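Okay, so here's the structure we're looking at.
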Amino acid sequence: MPESAPTLADQFDLPDALTVETGRGGLPCLKIDTPDCRALQYFHGATVTNWTPADHAPVLFTSDRAVYDGQKAIRGGVPICFPWFGGHPTDPDAPSHGLVRTAPWQLLQTARGSAGVEARFVHHLDQLRADYRVTFGSTLRLALTVTNTSDSDQTFESALHTYLAVGDAARVTIHGLEHADYLDQLTDTIHPQGDQPIAFTAETDRVYLNTQATCVVDDPVLERKITVEKLGSGSTVVWNPWTDKSARLGDFGDQEWTRMCCVESANIGDQAVTVAPGEQHTTAVTIRVETR
Ligand code: TA6
């Protein structure tokens with residue numbers, strides 16, 4: 001468990017920009033408040049739960065029913081799926097989406113830079129180290145760097161499981177993945193996306209394969225476009241639970257599916273990453289928003 005917020009504040013607070021605070025559930029978090037944006041990042045899972053750039057409504061969605069007990073993954077923002085995505089490949093008792101979204105991360109550094117306020121967290125697993133640098137400004141930059149600290153090759157999956165806030169999921173379109181193939185996780189079958197953008201008409205749970213494409217979520221209700229640009233990610237996951245799955249999620253409101261969609265920058269399956277001893281791999285995501 002990280003140290004208490006007050007002791008961390010002395011080391012990491014940045015005047016007029018960032019404070020270490022006690023957040024929901026008594027969990028420590030970083031509160032960012034600058035002319036460029038307001039944001040929150042919890043030590044739990046290093047989960048960014050809010051990013052609201054100046055002159056815009058919140059860009060990330062976090063469920064009103066999210067649980068902040070220091071055990072469960074926070075439902076919303078940007079949970080980090082690592083070192084596997086979804087179910088563990090061999091251990092049915094292992095937690096879904098890996099080990100780190102439900103663990104406390106260690107805050108290493110806070111700093112101001114030209115792109116905004118930066119926070120650096122780290123989390124150590126047995127053979128891999130995860131360094132996570134987030135820059136909060138007029139754009140949101142997320143960089144997950146995995147280092148192989150063992151003496152043999154290590155293969156991992158990852159996803160920055162980004163929940164985006166939208167006015168009505170049934171009316172958004174997601175552009176950029178035209179002509180990519182996707183694995184439909186609901187049927188375990190592969191399909192071509194074709195030349196049309198993605199639109200939600202039912203539960204949608206797709207892993208787009210072997211794509212480095214930038215995605216644009218076009219939201220006619222909030223009259224904005226959210227761009228998700230990525231480097232070091234070969235898969236993109238698009239998810240909306242729609243009605244029935246929403247009703248089955250205890251930490252998600254039955255109607256909250258209308259206010260969110262996930263566009264996740266990932267490395268899954270054939271796009272899993274293998275790093276040699278001492279080597280590193282970085283997935284970097286930049287999220288920006290513009291009025292339509
Ligand atoms: O990213 C899509 C997905 O894999 C869906 O299958 C759904 O399970 C979602 O992640 C959320 O997973 P969670 O374990 O947080 O409920």
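Every read-out reported here was derived from the displayed coordinates using simple, explicitly stated rules and does not represent laboratory data. Keep in mind the model is a prediction, meaning the values are calculated, not measured. Here the Cβ is made from the backbone with ideal geometry for all residues, glycine too, and neighbour counts use every protein chain on show.
Summary table
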read-out: One residue from Thr110, Thr135 being polar (S, T, N, Q), without any contact (Cβ under 8 Å) to a residue 60 or more places away in the chain and either more than 21 Å from Tyr163 (Cβ to Cβ) or more than 16 Å from the ligand (Cβ to nearest atom) (or both); value: Thr135
read-out: Verdict on Ile190 being free of Cβ contacts under 8 Å to residues at least 24 places away in the same chain and either of a type in the set (Val, Ile, Thr) or within 20 Å of Phe43 (Cα to Cα) (or both); value: yes
read-out: Thr22, sole failed condition from (1) surrounded by fewer than 17 Cβ atoms within 10 Å (Cβ to Cβ); (2) under 20 Å from the mean Cα position of the chain (by Cα); value: (2)
read-out: Answer residue from segment 271-292, given it is touching a Leu at 6+ places or on another chain (Cβ under 7 Å) and not polar (S, T, N, Q) and is farthest from Arg65 (Cα to Cα) among those; value: Ala284
read-out: Single condition Ala73 does not satisfy, out of (1) within 15 Å of the ligand (Cβ to nearest atom); (2) within 22 Å of Trp239 (Cβ to Cβ); (3) surrounded by fewer than 19 Cβ atoms within 10 Å (Cβ to Cβ); value: (3)
read-out: Filter result (of a type in the set (D, E, K, R) and either away from the ligand (no atom under 14 Å from the Cβ) or outside any loop (DSSP other than H, G, I, E, B) (or both)) within segment 149-170; value: Asp151, Asp153, Asp168
read-out: Residues being more than 13 Å from the chain's Cα centre (by Cα) and within 11 Å of the ligand (Cβ to nearest atom) - total across segment 223-242; value: 3
read-out: Residue list for segment 246-267, filter: outside any helix (DSSP H, G or I) and more than 16 Å from the ligand (Cβ to nearest atom); value: Gln255
read-out: Qualifying residue in segment 87-97 (condition: under 21 Å from Ser233 (Cα atoms), surrounded by 21 or more Cβ atoms within 10 Å (Cβ to Cβ) and away from the ligand (no atom under 16 Å from the Cβ)); value: no
read-out: Residues (of a type outside the set (S, T, N, Q) and either within 14 Å of Ser235 (Cβ to Cβ) or more than 16 Å from the ligand (Cβ to nearest atom) (or both)) located in segment 185-201; value: Ile190, His191, Pro192, Gly194, Asp195, Pro197, Ala199
read-out: Yes/no for Tyr68 being of a type outside the set (Val, Ile, Thr), away from the ligand (no atom under 13 Å from the Cβ) and within 21 Å of Gly232 (Cα to Cα); value: no
read-out: Check on Leu144, part of a loop (DSSP other than H, G, I, E, B) and crowded, with 17+ Cβ neighbours inside 10 Å; value: no
read-out: Every residue from segment 109-127 that is surrounded by fewer than 19 Cβ atoms within 10 Å (Cβ to Cβ) and of a type in the set (A, V, I, L, M); value: Ala111, Ala115, Val122, Leu125
